[in-house]
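> One structure coming up, written as structure tokens, with questions to follow.
The values are calculated or read from the model by the stated rules, or taken from the named source; none is laboratory data. These numbers come from a predicted model, not from an experiment. Note: ideal-geometry Cβ built from the backbone for every residue, glycine included; neighbour counts use all protein chains shown. Just so you know, the surface numbers come from the protein's heavy atoms only, side chains and all, with ligands and any DNA or RNA stripped out. Shrake-Rupley method; radii C 1.70, N 1.55, O 1.52, S 1.80 Å.
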Amino acid sequence: LLYLYTLKINFPTRFTLLRGNHECRHLTEYFTFKRECKPFLLLPSSPFLPHEPIFLTRLHKYSEAVYEKCIESFCALPLGAIVDGRFFCVHGGISPELLKVEDMRRLNRFMEPGSHGLLCDLLWADPYPSFGHESESGAHPALAPGTTFVHNQTRGCSFFYTYEAACQFLERNGLLGIIRGHEAQNDGYTMYRKTPSKKFPSVITIFSAPNYLDVYRNRGAVLKYQNKNITIRQYNSSPHPYWLPNFMDAFTWSLPFVGAKIAEMLLAVLSVCSQEELVDSESDSEDEETKAGPDAAARRQQIKSKIIAVGRMQRVFQLLREEAENATELNVDGPMSDGTPANASGLAFGPNALTVQGIQINRSIHNFTEARHSDILNERLPEFAQTQQTIFPAPSMRVLHTTRSGTPTGGTMPGGLNMEYLIKKTLEEDEEQGSMVERLADSIARVRKAGVLGKPEPLKRHGTA
């Protein structure tokens, strides 16, 4: 963004920026732009942290003041442009409220876009999926002749505009075509049906980001207009350095690995007896327990509880380690907007798609169609409740939806996956799930007083608990 603004400052008459649907407060909070700009406060939310309020600040790049200035600049960006008096350039598309281009001059653009209205449509509208063939039945419902705009269910706001709506707009304004972005394209661009009078594509969609989100496998494209000629230049993606999601630093990312090894070490230290020695000592310990009284029994119970907690912690860190290894920024959850089951393409969707039970989704996406299908929910105008940041940010860049009661949908944890929540839930889980650790803890607690020692078991990489 700063590079683009630098170009605009240095070449004010040769460089023009148009506003898109992401240039607003709502989407910069929903995605990662705000997190990248400003610091956030961390509050202890785990029983393992001190109870006193602790304020920690993590500064990713700049400050909240920089973020607010970015939002202010977004509201100043133009919404459209006329190139050579022939082409109407806009991010999304046209609107039923846009009869003449001059209507945009009367629009107050220095504001946040809402979920409806001309400002929203210019940023969010799309051509109808069967643009130019709306009356034909197929993958999308056929429209009645003369239909110009229908509700955009994919975006959750604005409209789909039809071929007839585009032709009418171009004729009213004496224009040749509409050039827009807003939608990923497999080849980097799409030229839609030509107008009947000028025989030029009524709409051209340009998408310049190759291999979008690192999973789309699409080509990027730019449109070059020179000497009254249009040229489309395509290009492929180039390898880029790996980065951790959500601006996570390597130390934070490595904590689950370190925690898993520490938990394994603790279990190995506590496992000072062989299984045979533990079983043999149980009868002797029961006799000593009767003589020692309730204090000794309580002490043994405390030791047992601590060892059980260590065992459960080891399982938590193992899950977090697996999650860190499969860190991804693409999130999918729930059915598609057309009602198609989310797993129709064989991908892993739903609350487990990016959790520790899931898989690395990039390995399951093989082409542009599957990527678009899996990411379709992220193309909608988001409805979300802002959640408190934690010291262990979730690998997913999306904020989970919650119900009116505050319960996260899909049975997942609030605010995404984080270590505090996993630790808390693991310690609260049914003790039957930790029966093996509980048996070891109980046996060790019983033989502590007897002083029976044995060789510690070797450390294991997995499955120690």
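> Given the criterion open to solvent by less than 30 Å² (accessible area, probe 1.4 Å), among the hydroxyl-bearing types (Ser, Thr, Tyr) and touching a Lys or Arg at 6+ places or on another chain (Cβ under 8 Å), identify the matching residue among THR205, THR252.
That would be THR205, the only listed residue that is open to solvent by less than 30 Å² (accessible area, probe 1.4 Å), among the hydroxyl-bearing types (Ser, Thr, Tyr) and touching a Lys or Arg at 6+ places or on another chain (Cβ under 8 Å).
> Would you check if there is a residue in the stretch 29-49 being small (Gly, Ala, Ser), exposed (fewer than 13 other Cβ atoms within 10 Å of the Cβ), at pLDDT below 95 and over 23 Å from the mean Cα position of the chain (by Cα)?
Start the filter on the stretch 29-49 by keeping residues that are small (Gly, Ala, Ser), which leaves 45-46.
If we keep only those that are exposed (fewer than 13 other Cβ atoms within 10 Å of the Cβ) too, we end up with none.
No, there is no match, as no residue in the stretch 29-49 is small (Gly, Ala, Ser), exposed (fewer than 13 other Cβ atoms within 10 Å of the Cβ), at pLDDT below 95 and over 23 Å from the mean Cα position of the chain (by Cα).
> Are any residues in the stretch 124-145 in contact with an Asp or Glu (Cβ under 7 Å, 6 or more places away or on another chain) and assigned to a loop (DSSP other than H, G, I, E, B), and if so, which ones?
Within the stretch 124-145, the first condition is being in contact with an Asp or Glu (Cβ under 7 Å, 6 or more places away or on another chain), and the residues that meet it are 126, 128, 130, 142-143.
TYR128, SER130, ALA142, LEU143 - these are the residues of the stretch 124-145 that are in contact with an Asp or Glu (Cβ under 7 Å, 6 or more places away or on another chain) and assigned to a loop (DSSP other than H, G, I, E, B).
> Restricting the first residue to the stretch 107-123 and requiring it to be part of a loop (DSSP other than H, G, I, E, B) and at pLDDT 95 or above, which pairs with a second residue that is open to solvent by 70 Å² or more (accessible area, probe 1.4 Å) and of a type in the set (A, V, I, L, M, F, W, C) meet a Cβ separation below 8 Å and a spacing of at least six or different chains?
none
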